[in-house]
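Engineer: Handing you a structure now.
The values are calculated or read from the model by the stated rules, or taken from the named source; none is laboratory data. What you are looking at is a predicted structure, and each value in this text was computed from that prediction instead of being measured. No Cβ is skipped: glycine too gets one built from the backbone with ideal geometry, and neighbour counts run over all protein chains shown. Note: accessible area is taken over every heavy atom of the protein model, side chains too, but ligands, DNA and RNA are not part of it. Shrake-Rupley method; radii C 1.70, N 1.55, O 1.52, S 1.80 Å.
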Amino acid sequence: MSREADSDLNTAGLGAAQIDLLNRKYAPLAFDERIRRLYDDFAPDKVLVTSSFAATSAYFLHIVSRVRPDQVIHFIDTGFHFPETLQYRQYLIDLFGLRVADVRAEAWKHEFTEKEKTYQRDPDFCCSINKVEPLELIKPNYHVWVSSLMRWQTEHRAGLDIFEIRRGIVKFNPMIDVTKEQRDAYIREHALPFHPLVAKGYASIGCSHCTVAGDGRAGRWVGKPKTECGLHL
(Lines give C-alpha, C1' and ligand atoms only; values in the text may rest on other atoms or scores of the structure.)
Protein backbone atom coordinates (compact mmCIF):
# COMPACT_ATOMS: atom_id res chain seq x y z
CA MET A 1 0.00 0.00 0.00
CA SER A 2 1.63 3.25 -1.10
CA ARG A 3 1.59 6.55 0.76
CA GLU A 4 -0.22 8.15 -2.17
CA ALA A 5 -2.86 5.42 -2.12
CA ASP A 6 -3.29 5.84 1.63
CA SER A 7 -3.87 9.55 1.20
CA ASP A 8 -6.75 8.88 -1.18
CA LEU A 9 -8.16 6.20 1.11
CA ASN A 10 -7.97 8.48 4.13
CA THR A 11 -10.08 11.05 2.35
CA ALA A 12 -12.66 8.55 1.11
CA GLY A 13 -12.67 6.24 4.12
CA LEU A 14 -11.13 2.78 4.32
CA GLY A 15 -13.17 -0.26 3.38
CA ALA A 16 -13.08 -3.80 4.75
CA ALA A 17 -10.49 -4.93 2.20
CA GLN A 18 -8.07 -2.12 3.13
CA ILE A 19 -8.54 -2.78 6.84
CA ASP A 20 -7.81 -6.47 6.29
CA LEU A 21 -4.68 -5.56 4.33
CA LEU A 22 -3.47 -3.27 7.12
CA ASN A 23 -4.06 -5.98 9.73
CA ARG A 24 -2.05 -8.51 7.74
CA LYS A 25 0.74 -5.99 7.12
CA TYR A 26 1.04 -4.94 10.77
CA ALA A 27 0.49 -8.32 12.44
CA PRO A 28 4.17 -9.46 12.27
CA LEU A 29 5.46 -6.15 13.66
CA ALA A 30 6.33 -5.37 17.27
CA PHE A 31 4.41 -2.64 19.08
CA ASP A 32 7.01 0.08 18.51
CA GLU A 33 7.46 -0.93 14.86
CA ARG A 34 3.72 -0.60 14.34
CA ILE A 35 3.80 2.94 15.71
CA ARG A 36 6.66 3.88 13.39
CA ARG A 37 4.93 2.35 10.36
CA LEU A 38 1.71 4.21 11.09
CA TYR A 39 3.37 7.54 10.37
CA ASP A 40 4.48 6.24 6.98
CA ASP A 41 1.06 4.93 6.03
CA PHE A 42 -1.03 7.84 7.36
CA ALA A 43 -0.53 11.59 7.31
CA PRO A 44 1.10 12.45 10.68
CA ASP A 45 -1.16 15.45 11.24
CA LYS A 46 -4.21 13.19 10.87
CA VAL A 47 -3.16 10.81 13.69
CA LEU A 48 -5.20 11.13 16.90
CA VAL A 49 -3.60 9.69 20.05
CA THR A 50 -5.49 9.48 23.34
CA SER A 51 -4.37 8.46 26.81
CA SER A 52 -6.17 8.27 30.13
CA PHE A 53 -2.89 8.57 32.07
CA ALA A 54 -4.05 5.57 34.05
CA ALA A 55 -2.30 2.65 35.77
CA THR A 56 0.46 1.84 33.28
CA SER A 57 0.04 4.57 30.64
CA ALA A 58 3.77 5.27 30.87
CA TYR A 59 4.37 2.13 28.77
CA PHE A 60 2.29 3.37 25.83
CA LEU A 61 3.40 6.98 26.13
CA HIS A 62 7.09 6.13 26.46
CA ILE A 63 7.09 4.43 23.07
CA VAL A 64 4.91 7.03 21.33
CA SER A 65 7.11 9.85 22.63
CA ARG A 66 10.25 8.11 21.40
CA VAL A 67 8.85 7.41 17.93
CA ARG A 68 7.04 10.72 17.45
CA PRO A 69 8.13 13.34 20.02
CA ASP A 70 5.89 16.03 18.52
CA GLN A 71 2.73 13.90 18.64
CA VAL A 72 -0.03 15.61 20.63
CA ILE A 73 -1.60 13.35 23.26
CA HIS A 74 -5.28 14.03 23.90
CA PHE A 75 -6.42 13.60 27.49
CA ILE A 76 -10.14 13.48 28.20
CA ASP A 77 -10.57 15.54 31.32
CA THR A 78 -13.87 14.33 32.75
CA GLY A 79 -13.70 16.63 35.74
CA PHE A 80 -13.93 13.56 37.98
CA HIS A 81 -10.35 12.30 37.88
CA PHE A 82 -8.45 11.36 41.01
CA PRO A 83 -5.97 14.07 42.06
CA GLU A 84 -3.30 11.37 41.68
CA THR A 85 -4.23 10.97 38.01
CA LEU A 86 -3.69 14.65 37.32
CA GLN A 87 -0.39 14.53 39.22
CA TYR A 88 0.69 11.46 37.21
CA ARG A 89 -0.31 13.22 33.99
CA GLN A 90 1.93 16.19 34.80
CA TYR A 91 4.75 13.91 35.91
CA LEU A 92 4.73 12.05 32.58
CA ILE A 93 4.48 15.31 30.65
CA ASP A 94 7.66 16.48 32.35
CA LEU A 95 9.40 13.10 32.17
CA PHE A 96 8.76 12.42 28.47
CA GLY A 97 8.40 16.00 27.22
CA LEU A 98 4.84 15.31 26.09
CA ARG A 99 2.56 17.71 24.27
CA VAL A 100 -0.88 17.23 25.82
CA ALA A 101 -4.24 18.71 24.84
CA ASP A 102 -7.20 18.44 27.20
CA VAL A 103 -10.61 17.43 25.84
CA ARG A 104 -13.62 18.36 27.95
CA ALA A 105 -17.40 18.41 27.86
CA GLU A 106 -19.16 21.75 27.64
CA ALA A 107 -19.14 23.31 31.10
CA TRP A 108 -22.91 23.28 31.54
CA LYS A 109 -23.14 19.62 30.59
CA HIS A 110 -20.44 18.61 33.05
CA GLU A 111 -22.06 20.72 35.76
CA PHE A 112 -25.32 18.87 35.14
CA THR A 113 -23.66 15.48 35.69
CA GLU A 114 -21.98 16.80 38.81
CA LYS A 115 -25.17 18.28 40.28
CA GLU A 116 -27.38 15.32 39.37
CA LYS A 117 -24.72 12.71 40.29
CA THR A 118 -25.40 10.89 37.04
CA TYR A 119 -22.38 8.67 37.73
CA GLN A 120 -24.48 7.00 40.44
CA ARG A 121 -27.84 6.50 38.73
CA ASP A 122 -26.76 6.32 35.08
CA PRO A 123 -22.99 5.90 34.60
CA ASP A 124 -23.42 5.26 30.87
CA PHE A 125 -25.03 8.68 30.48
CA CYS A 126 -22.29 10.28 32.57
CA CYS A 127 -19.57 8.69 30.41
CA SER A 128 -21.41 9.74 27.27
CA ILE A 129 -21.45 13.38 28.33
CA ASN A 130 -17.97 13.62 29.83
CA LYS A 131 -16.00 11.21 27.63
CA VAL A 132 -17.70 10.06 24.44
CA GLU A 133 -19.27 13.30 23.20
CA PRO A 134 -16.13 15.46 23.65
CA LEU A 135 -14.04 12.95 21.70
CA GLU A 136 -16.68 12.61 18.99
CA LEU A 137 -16.41 16.35 18.36
CA ILE A 138 -12.71 16.23 17.48
CA LYS A 139 -12.59 12.87 15.67
CA PRO A 140 -13.66 14.33 12.29
CA ASN A 141 -10.34 16.21 12.23
CA TYR A 142 -8.39 12.93 12.03
CA HIS A 143 -8.08 9.82 9.87
CA VAL A 144 -6.83 7.30 12.44
CA TRP A 145 -7.22 7.04 16.22
CA VAL A 146 -4.48 5.33 18.25
CA SER A 147 -5.39 3.69 21.56
CA SER A 148 -3.60 1.52 24.13
CA LEU A 149 -6.12 -1.33 24.45
CA MET A 150 -4.90 -4.89 25.12
CA ARG A 151 -6.91 -8.08 24.62
CA TRP A 152 -6.34 -9.50 28.10
CA GLN A 153 -8.00 -6.50 29.76
CA THR A 154 -11.69 -7.24 29.03
CA GLU A 155 -13.94 -9.65 27.15
CA HIS A 156 -14.83 -6.91 24.66
CA ARG A 157 -11.19 -6.08 23.96
CA ALA A 158 -10.35 -9.76 23.50
CA GLY A 159 -12.18 -9.65 20.18
CA LEU A 160 -10.48 -6.57 18.74
CA ASP A 161 -7.93 -6.47 15.93
CA ILE A 162 -5.01 -4.13 15.26
CA PHE A 163 -7.07 -2.05 12.84
CA GLU A 164 -10.84 -1.67 12.75
CA ILE A 165 -13.51 0.81 11.79
CA ARG A 166 -15.03 2.11 15.01
CA ARG A 167 -17.61 4.89 15.29
CA GLY A 168 -16.72 6.42 11.94
CA ILE A 169 -12.92 6.42 12.25
CA VAL A 170 -10.06 3.99 11.60
CA LYS A 171 -9.10 2.68 15.05
CA PHE A 172 -5.50 1.56 15.55
CA ASN A 173 -4.78 -0.74 18.50
CA PRO A 174 -1.01 -1.30 18.20
CA MET A 175 -0.61 -3.06 21.55
CA ILE A 176 -3.77 -5.16 21.35
CA ASP A 177 -1.80 -8.45 21.37
CA VAL A 178 0.79 -7.37 23.97
CA THR A 179 0.58 -9.67 26.98
CA LYS A 180 0.55 -8.45 30.55
CA GLU A 181 3.93 -10.11 31.03
CA GLN A 182 5.42 -8.30 28.03
CA ARG A 183 4.05 -4.98 29.26
CA ASP A 184 5.40 -5.46 32.77
CA ALA A 185 8.80 -6.57 31.45
CA TYR A 186 9.09 -3.38 29.38
CA ILE A 187 8.11 -1.27 32.37
CA ARG A 188 10.81 -2.93 34.49
CA GLU A 189 13.44 -2.69 31.77
CA HIS A 190 12.92 1.05 31.35
CA ALA A 191 12.12 1.76 35.02
CA LEU A 192 8.85 3.43 34.09
CA PRO A 193 6.65 4.89 36.83
CA PHE A 194 3.26 3.39 37.68
CA HIS A 195 0.25 5.54 38.53
CA PRO A 196 0.48 6.35 42.30
CA LEU A 197 -2.77 4.48 43.03
CA VAL A 198 -1.36 1.18 41.71
CA ALA A 199 0.58 0.85 44.98
CA LYS A 200 -2.75 1.14 46.80
CA GLY A 201 -4.31 -1.79 44.95
CA TYR A 202 -5.88 -0.03 41.96
CA ALA A 203 -5.21 -2.04 38.81
CA SER A 204 -7.54 -0.05 36.54
CA ILE A 205 -8.14 3.65 37.16
CA GLY A 206 -10.95 5.81 35.87
CA CYS A 207 -13.05 8.52 37.49
CA SER A 208 -12.93 8.76 41.27
CA HIS A 209 -16.68 8.17 41.75
CA CYS A 210 -16.66 4.95 39.75
CA THR A 211 -13.33 3.34 40.69
CA VAL A 212 -12.22 1.37 43.74
CA ALA A 213 -9.20 -0.83 44.38
CA GLY A 214 -9.32 -4.24 42.72
CA ASP A 215 -7.58 -6.68 40.39
CA GLY A 216 -7.88 -6.20 36.64
CA ARG A 217 -10.96 -4.11 35.97
CA ALA A 218 -12.83 -5.46 38.98
CA GLY A 219 -12.66 -2.06 40.61
CA ARG A 220 -14.53 -0.28 37.84
CA TRP A 221 -18.29 0.39 38.15
CA VAL A 222 -18.66 -2.07 41.03
CA GLY A 223 -22.14 -3.59 41.26
CA LYS A 224 -23.04 -2.58 37.70
CA PRO A 225 -22.86 -4.61 34.47
CA LYS A 226 -20.81 -1.83 32.87
CA THR A 227 -17.23 -2.76 31.90
CA GLU A 228 -16.40 -0.06 29.33
CA CYS A 229 -16.78 3.71 29.44
CA GLY A 230 -18.11 3.70 25.89
CA LEU A 231 -15.18 5.24 24.03
CA HIS A 232 -14.10 1.92 22.55
CA LEU A 233 -17.52 0.38 21.86
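Engineer: Using alpha carbons only, how many degrees (0 to 90, rounded to 10) separate the axis of helix 180-189 from the longest principal axis of the chain?
Structural biologist: 90
Engineer: May I ask you to derive the FRET efficiency for residue 191 and residue 66 from their Cβ-Cβ distance with R0 = 22 Å, giving the value to the nearest 0.05?
Structural biologist: Once the sixth-power term is evaluated, E becomes 0.90.
Engineer: Please work out the FRET efficiency for the pair residue 177 and residue 215, using the Cβ-Cβ distance as r and a Förster radius of 22 Å; give the result to the nearest 0.05.
Structural biologist: 0.55
Engineer: OK, next. Can you work out D for the stretch 46-89 in µm² s⁻¹ from Stokes-Einstein, where Rh is the Kirkwood radius over C-alpha pairs, the temperature is 10 °C and the viscosity is 1.306 mPa s?
Structural biologist: In µm²/s, the coefficient is 141.
Engineer: Within the stretch 48-72, which residues have the backbone N less than 19 Å from the label spot 7 Å out from residue 30 along Cα→beta-carbon, could you tell me?
Structural biologist: 58-69
Engineer: Report, to the nearest 10°, how far helix 16-26 tilts away from the longest principal axis of the Cα atoms in the chain, using its own Cα long axis and a range of 0 to 90°.
Structural biologist: The helix 16-26 is inclined about 90 degrees to the chain.
Engineer: What does the extension gain come out to for residue 45 and residue 125, with contour length at 0.36 nm per residue minus their alpha carbon separation?
Structural biologist: Fully extending the segment from residue 45 to residue 125 adds 25.7 nm.
Engineer: For the Cα atoms of the chain, what angle does the longest principal axis make with the long axis of helix 31-41, in degrees from 0 to 90, nearest 10?
Structural biologist: Its long axis makes an angle of about 60 degrees.
Engineer: Could you work out how far the C-alpha centroid of the stretch 83-139 sits from that of the stretch 9-74, in angstrom?
Structural biologist: 22
Engineer: So how strong a dipole does the chain carry about its Cα centre when Lys and Arg Cβ are +1 and Asp and Glu Cβ are -1, to the nearest 20 debye?
Structural biologist: Computed charge dipole of the chain: roughly 380 debye.
Engineer: Filter the cross-link list 109/139; 115/139; 117/171; 139/200; 139/180; 46/131 down to pairs whose alpha-carbon distance in this structure exceeds 23 Å.
Structural biologist: The pairs that break the limit, which is 23 Å between Cα atoms, are 115/139; 117/171; 139/200; 139/180.
Engineer: With a 1.4 Å probe and all protein chains left in place, how much accessible area per residue does the chain have, in Å²?
Structural biologist: In whole numbers, the chain has 48 Å² accessible per residue.
Engineer: How high is the FRET efficiency between residue 114 and residue 224 when r is their beta carbon distance and R₀ equals 22 Å, given to the nearest 0.05?
Structural biologist: Here the calculated transfer efficiency is 0.70.
Engineer: Another question about this same structure. Report Rg(Cα)/(2.2 N^0.38 Å) for the chain, keeping two decimals.
Structural biologist: Normalised Cα radius of gyration, the chain: 1.00.
Engineer: For the stretch 129-180, what's the radius of gyration and Dmax over Cα atoms, in angstrom?
Structural biologist: 11.8, 33
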